[in-house]
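Below is one structure, written out as structure tokens; comments come after it.
The values are calculated or read from the model by the stated rules, or taken from the named source; none is laboratory data. Since we're looking at a predicted model, the values are computed, not measured. Don't worry about glycine lacking a Cβ; one is built from the backbone with ideal geometry, like all the others, and counts go over all protein chains shown.
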Amino acid sequence: MNLPIKAILIGAGRRGVQVYGRYALKNKKKIKFIAVADPIKTRRQKFAKLHGIAPNRCYKSWEAILKGDKLADIAFICTQDQLHTEPCLLALEKGYHVLLEKPMAHTLEDCIKIVKKVEKTGMMLGVSHVLRYTDFFSTIFRIIQKGVLGDIVNITHRENVMWYHYAHSYIRGPWANLEKSSPMILAKCCHDFDLLFYMVGSYPKKISSFGNLLHFKPENAPKGAPHYCLDGCLAKDNCLYYAPRIYIDIKPQIQLMEKSENKLLKMLAKLRKNHVNFLTYISKLIPQFKVLRYYKGFPVSYLYTDQKEDYSDGAKAKILKTSPYGRCVYHCDNNVVDHQVVNIEFKNGVTANLTMHGFSEREGRTLRIDGTKATLIGEFHISGEKIVLYDHFSGKEKLVFKKKLTRESGEHGVGDFELVDAFIESLIYKEKAQPLTNARETVESHLMAFAANESRLKGIVIDMDEFRKRVEQF
Ligand SMILES: NC(=O)c1ccc[n+]([C@@H]2O[C@H](COP(=O)([O-])OP(=O)(O)OC[C@H]3O[C@@H](n4cnc5c(N)ncnc54)[C@H](O)[C@@H]3O)[C@@H](O)[C@H]2O)c1
């Protein structure tokens, strides 16, 4: 395959632009976007301008971009969860290799359709399980493979979603409602099941799960809370989720900086929190301070779809009056769980427990792996990452990995770019090989998530062999 590899982007939203688009701009010799599809005109035009895409290669939908002849080698599919299956099936059919955002699809049946299409067409499918590619999890895989832990016996893995992130994505945002999106255990934890499957190195045998929507319901709304925070909420001074607190005062980002070990970030947090007028003044003189004063990152960027990107406090307040992100968290159309636990017994006898919840003080995953020779305890937080090994024989502990919060720290560390690298390398060097895992193995994480969901809803233990047999009938 000739370099740079030609690619098309379907869905020029956050992932499409900020991950894959950014990767292409930094790796011009490897990849070049030559066409884009998105119904939002400003998004496709912005992407086209950045990547030098001709106007006749800007399309309004996935149907339009995939309608004619094949335009490139890879299709990046970055639409929302319920809009993965059809573009993916058609792209594979047309002869594109596909890098598909996770989850593969929002129903089990659609996931299987995709796997079967990959097997039929022989095209390559990469699913965006980016965590595998982070330094943190790569280190853990290496430790396991070297046998440092002995035989793994048990894993306790937690996906601790920080309180504001949960509110943003799973109450006010795109993943709140099952009719519009996917079960939270799939949307948030297909990554975690993928990691467990990979770390344990065995297929799951049995799965059981419990969970529900405990807190974010109208009966828990503070007295006098209107449907929109800015409609005169009487609880505004005490409500953790008061929208201006999150999107204008950026309290969660300040908390994150305060928790960092980086002294400069701590100082900047103080400046943003206690001296905002001074910060406004100096950011006029020194433009670098604008990044802190008029923060544009997650979750604030979600306020803007098609409108002018004015990040002033007044403009944001105006948006919050009608935006879904301005709604009271107790008066939304959310119906996904806010906490769930999953128990897994693998075929090799290893047991694991996954806990997912939306009430964490910090964002990130924590895990503990107990093996016959050693215990590993890992923390994978945005505010910092570390892995400590405790050797049973010597009784000694060793810090084997540590990473501080940096400006580059994101939800997935460097995993996003590593994933694209791995996908591209498998296209260049092993034309027929699958990136890291084949589609069948990739879908296993999704099967686990769907099984957990079924167990939770029906109150039963799922026998995974029976579950797989059922799936094969699709
Ligand atoms: N791999 C990860 O770790 C990770 C992290 C976050 C999100 N995701 C997944 O990535 C996907 C995209 O998430 P996002 O936050 O970028 O969403 P987004 O809403 O920002 O982007 C989706 C884009 O698709 C466009 N779109 C809608 N209909 C379309 C159509 N018919 N044809 C073409 N484009 C269309 C939308 O206009 C939008 O710009 C989701 O499935 C999400 O779950 C994955």
- prompt: When you look at Lys266, is it surrounded by fewer than 16 Cβ atoms within 10 Å (Cβ to Cβ), basic (Lys, Arg), in contact with a helix residue (DSSP H, G or I) (Cβ under 8 Å, 6 or more places away or on another chain) and outside the structural domain of Glu454 (by TED's automatic domain parsing), yes or no?
  reply: yes
query: Can you find even one residue in region 300-323 that is within 30 Å of Ser455 (Cβ to Cβ) and touching a strand residue (DSSP E or B) at 6+ places or on another chain (Cβ under 7 Å)?
result: no
message: For region 5-16, give me the residue count where each residue is at pLDDT below 95 and more than 8 Å from the ligand (Cβ to nearest atom).
response: 0
query: What do you reckon, is Lys29 touching a Lys or Arg at 6+ places or on another chain (Cβ under 9 Å), assigned to a loop (DSSP other than H, G, I, E, B) and either outside the structural domain of Asn177 (by TED's automatic domain parsing) or away from the ligand (no atom under 15 Å from the Cβ) (or both)?
result: no
statement: Within region 80-99, restricting to residues that are assigned to a loop (DSSP other than H, G, I, E, B) and surrounded by fewer than 24 Cβ atoms within 10 Å (Cβ to Cβ), the one that is nearest to the ligand (Cβ to nearest atom) is Gln80
task: Hey, could you check region 53-78 for residues that are more than 23 Å from Glu119 (Cα to Cα) and not in a helix (DSSP H, G or I) and say which is farthest from the ligand (Cβ to nearest atom)?
output: Ala54
query: From the residues in region 140-182 that are among the acidic types (Asp, Glu) and within 16 Å of the ligand (Cβ to nearest atom), which one is surrounded by the fewest Cβ atoms within 10 Å (Cβ to Cβ)?
result: Glu179
- request: Among the residues of region 169-225, write down those that are touching a residue at least 24 places away in the same chain (Cβ under 8 Å), part of a loop (DSSP other than H, G, I, E, B) and among the basic types (Lys, Arg).
  value: Arg172, Lys180, Lys188, Lys217
- prompt: What are the residues in region 100-134 that are part of a helix (DSSP H, G or I), within 16 Å of the ligand (Cβ to nearest atom) and more than 13 Å from Thr85 (Cβ to Cβ), if any?
  reply: Val130, Leu131, Arg132, Tyr133
query: How many of the residues in region 445-466 are farther than 20 Å from Leu178 by Cβ and either assigned to a helix (DSSP H, G or I) or touching a His at 6+ places or on another chain (Cβ under 7 Å) (or both)?
result: 3
message: Between a residue in region 84-112 that is in the same structural domain as Tyr23 (by TED's automatic domain parsing) and any residue that is β-branched (Val, Ile, Thr) and in a helix (DSSP H, G or I), which pairs come within a Cβ distance under 6 Å, given they are 6 or more apart or on different chains?
response: Cys88/Ile114; Leu92/Thr121; Met104/Ile114; Ala105/Thr85; Asp110/Thr85; Cys111/Val443; Ile112/Val471
- request: Kindly indicate whether Leu50 is more than 14 Å from the ligand (Cβ to nearest atom), crowded, with 20+ Cβ neighbours inside 10 Å, at pLDDT 95 or above and not in a loop (DSSP other than H, G, I, E, B).
  value: no
- line: Log entry, pairs with first residue in region 11-23 being on the phi < 0 side of the Ramachandran plot, second being within 6 Å of the ligand (Cβ to nearest atom) and outside any helix (DSSP H, G or I), beta carbons closer than 7 Å, six or more apart or on different chains, reads Ala12/Asp38; Gly13/Cys78; Arg15/Cys78; Arg15/Glu101; Gly16/Cys78; Tyr20/Cys78
message: Contact list please: Cβ distance under 6 Å, first residue in region 69-83 and without any contact (Cβ under 8 Å) to a residue 40 or more places away in the chain, second residue surrounded by fewer than 20 Cβ atoms within 10 Å (Cβ to Cβ), pairs at least six apart or on different chains.
response: Lys70/Lys94; Lys70/Gly95
task: Considering (1) in contact with a Gly (Cβ under 7 Å, 6 or more places away or on another chain); (2) within 11 Å of the ligand (Cβ to nearest atom), say which one Val36 fails and leave the rest.
output: (1)
